[in-house]
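Only one structure is covered here, and it is reproduced in the block below.
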Amino acid sequence: MLKELYPYWLAGQTASGEDERVVLNKFNSEAVARVAWADRGTLLDAIAAAQAAAEPMAQMAAYERAAGLRHCAQRFEERAEELAQVLCMEAGKPIRDARGEVGRLVDTFRVASEEATRLGGEVLPMDVTERARAYRGMWQRVPIGPCGFITPWNFPLNLVAHKVAPALAVGNPFVLKPASATPLGALLIGEVLAELDLPAGAFSILPCSVDDAGPLVEDERLKLLSFTGSHQVGWELKGRAGKKHVQLELGGNAACIVDEDADIEDTVSRLVMGAFYQSGQSCISVQRILVHESVYPELKQQLIDATAALITGDPALEGTFIGPMISEAEAERLQGWIGEAVEAGASLLVGGGREGALLEASLLEGVPPSLSLCREEAFGPVAVLSTFTDFGAALKEVNDSKYGLQAGLFTRDIHKANRAWDELEVGAVIVGDVPSWRVDHMPYGGVKDSGLGREGLRFAMQEQTEMRLLVIRDPQT
Ligand code: NAP
């Protein structure tokens, strides 16, 4: 099914240079495809083409942009199984998670097509003071201009979509660098974009080295850098980005509070999903589970049983829940964190075993809060259990993190839900579910080290546009 060599997309056309890289199946390490590999000169050409495309892109009418996005959604739907199989291979994503991501890709483009026609403004009363009596004001949003996008490997389709679809919705040309481990998803999106009648230079999708990606960060012709990835890289890039607007979607160590009145069976099924879907390699994967002491024994036992029942193995098999981590080195790193915790006195309740890049779904309790397993981002199939008696102390513990993406809370007490919403230092509080829950139109992003700005179509469109005010003086007023 996979082509031998995937060209990159330069100014809307397929192209390739002298260099190429092999993409591996993350389960069995077999080569599945080769991709053309761009160099710095190609990046600069792409940026020049994007700059030239800025005006014609901005002139596209909203109904034309909406129609293009609708076409993409339809084509992704038609190619859904092919896309899911590619994801399964290049990211090692369990096939049902891969199908889930393709469904979200379709949603993201569909919602973008709707939002493309709603990019409105506001009439601003000016008569707030005597001297402005003769004036009227109104503002609209205009495209920010050529954008640089950098995306990670854990959602090779939908996180590309969260930058590309808003760009098309508002009329921004862009140059995108996908993650080196998973470039195929973005290149397939390019195939569908190429079916649209876009101005030349509207899009470039260029797998390349991080060094050659420098112009995406530093080149002043680009007006926005939108980055999704680790906090270490994200904040470093922001420091180099100069005058351009920067949007960062970074990592986390998401917490979930289970209060004394939670429905244990329902909570356990959601926690298993939140901690272990796509093998825990999600920025909002449940990592810290804080449980009210009164329900802890029951919840713990049910969670251990449900976790032990998860099938680990070949992500292409329908029954597999836990597939490989992105690399054996990553699985070793996380197993090392588990070992460090056990040495420090923690109990390994289930899991801990590893075969190559396959790390079993694992639960621990009694992990000292100063250890990596609590403080850093695990980014794999591991969660840590702890108990609380005082709800306020649990909220403080959730906040005792450098991250702040989303938090979950299982309670039936509306007052506690409101208090959590007010006090938790995160981008979103999810009541009655895990922090891992997301629908693609909602404002999504983090505070503290977890990021800057918001994605979710309408909100990413705000980030990718600027407000332009019109003031009119009427001397006859
Ligand atoms: P990463 O190592 O930070 O890489 C992300 C992207 O940045 C890749 O394309 C990478 O290229 C590129 N990159 C790395 N260093 C760069 C540099 N100096 N200049 C330009 N580009 C550079 O992150 P990852 O391991 O791919 O992804 C996992 C991280 O993403 C986790 O921390 C996760 O939480 C976070 N994430 C956040 C969200 C969110 O929405 N908040 C969603 C998903 C993932 P190469 O692939 O070539 O190294």
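The values are calculated or read from the model by the stated rules, or taken from the named source; none is laboratory data. Note that the coordinates shown come from a computational prediction; the quantities given were computed from them, not determined experimentally. Reconstructed Cβ throughout: ideal geometry from the backbone, glycine too, with neighbour counts over all protein chains shown. Remember, those area values only see protein heavy atoms, side chains included, never the ligands or the DNA or RNA. Shrake-Rupley method; radii C 1.70, N 1.55, O 1.52, S 1.80 Å.
Taking all protein chains in place and a 1.4 Å probe, what share, in percent, of the accessible surface of the chain do carbon and sulfur account for?
50 percent
When the convex hull of the Cα atoms of region 397-477 is projected onto a plane and the area is averaged over all directions, what value comes out in nm²?
Here the figure is 8.7 nm², rounded to one decimal.
Divide by every residue of the chain the summed helix terms, -39500 (n - 2.57) for each DSSP H run of at least 4, and state the resulting mean residue ellipticity at 222 nm, rounded to the nearest 500 deg cm²/dmol.
Counting only the DSSP helices, I get -11500 deg cm²/dmol.
Show me the GluC sites (Glu not before Pro) within region 128-197 that DSSP assigns to loop and that have at most 16 other Cβ atoms within 10 Å of their Cβ.
Within region 128-197, the qualifying GluC sites (Glu not before Pro) (loop, at most 16 other Cβ atoms within 10 Å) are Glu195.
Under 14 Å from the 7 Å Cα→Cβ point of Asp413, by amide nitrogen: which residues of region 258-287?
Only 258-263 fall inside the zone, counting backbone N under 14 Å.
Residues of region 46-175: accessible area per residue at 1.4 Å, in Å²?
39 Å²
Apply the Debye scattering formula to region 302-388, with a single equal point scatterer on each alpha-carbon and no solvent, then give log10 I(q)/I(0) at q = 0.16, 0.17, 0.23 Å⁻¹.
-0.59, -0.67, -1.14
Past the 22 Å Cα-Cα mark, which pairs from Lys177/Lys448; Lys177/Lys238; Lys163/Lys396; Lys26/Lys177; Lys93/Lys300; Lys26/Lys163?
Those over the limit are Lys177/Lys448; Lys163/Lys396; Lys93/Lys300; Lys26/Lys163.
With the contact rule set at Cα under 8 Å and sequence spacing of 6 or more, what percent relative contact order holds for region 255-440?
So the answer I get is 28 percent.
Can you list which of the GluC sites (Glu not before Pro) found in region 200-250 are DSSP loop residues with at most 13 other C-beta atoms within 10 Å?
Taking region 200-250 and a limit of 13 other Cβ atoms within 10 Å, the loop GluC sites (Glu not before Pro) found are Glu220.
Asp390 to Glu293: extension gain in nm, 0.36 nm per residue of separation minus the Cα-Cα distance?
Result for the pair: 34.0 nm of gain on full extension.
I want the local charge near Ser226. Using Cβ-Cβ distances under 12 Å, sum +1 for each Lys or Arg and -1 for each Asp or Glu among the other residues.
+3
Less than 10 Å Cβ to Cβ from Ser113, Lys/Arg counted +1 and Asp/Glu -1: what total charge do the surrounding residues give?
+1
What number, in percent, do you get for the relative contact order of the chain if the mean sequence gap of Cα pairs under 8 Å and at least 6 apart is divided by its residue count?
This gives 18 percent for the chain.
Starting from a Cα-only point model with no solvent, please compute log10 I(q)/I(0) by Debye for the chain at q = 0.07, 0.09, 0.10, 0.13 1/Å.
Relative scattering, expressed as log10 I(q)/I(0), comes to -0.38, -0.62, -0.76, -1.18.
If I model region 255-440 as equal point scatterers sitting on the Cα atoms and use the Debye formula, what is log10 I(q)/I(0) at q = 0.14, 0.16 Å⁻¹?
At q = 0.14, 0.16 Å⁻¹ the computed log10 ratios are -0.71, -0.93.
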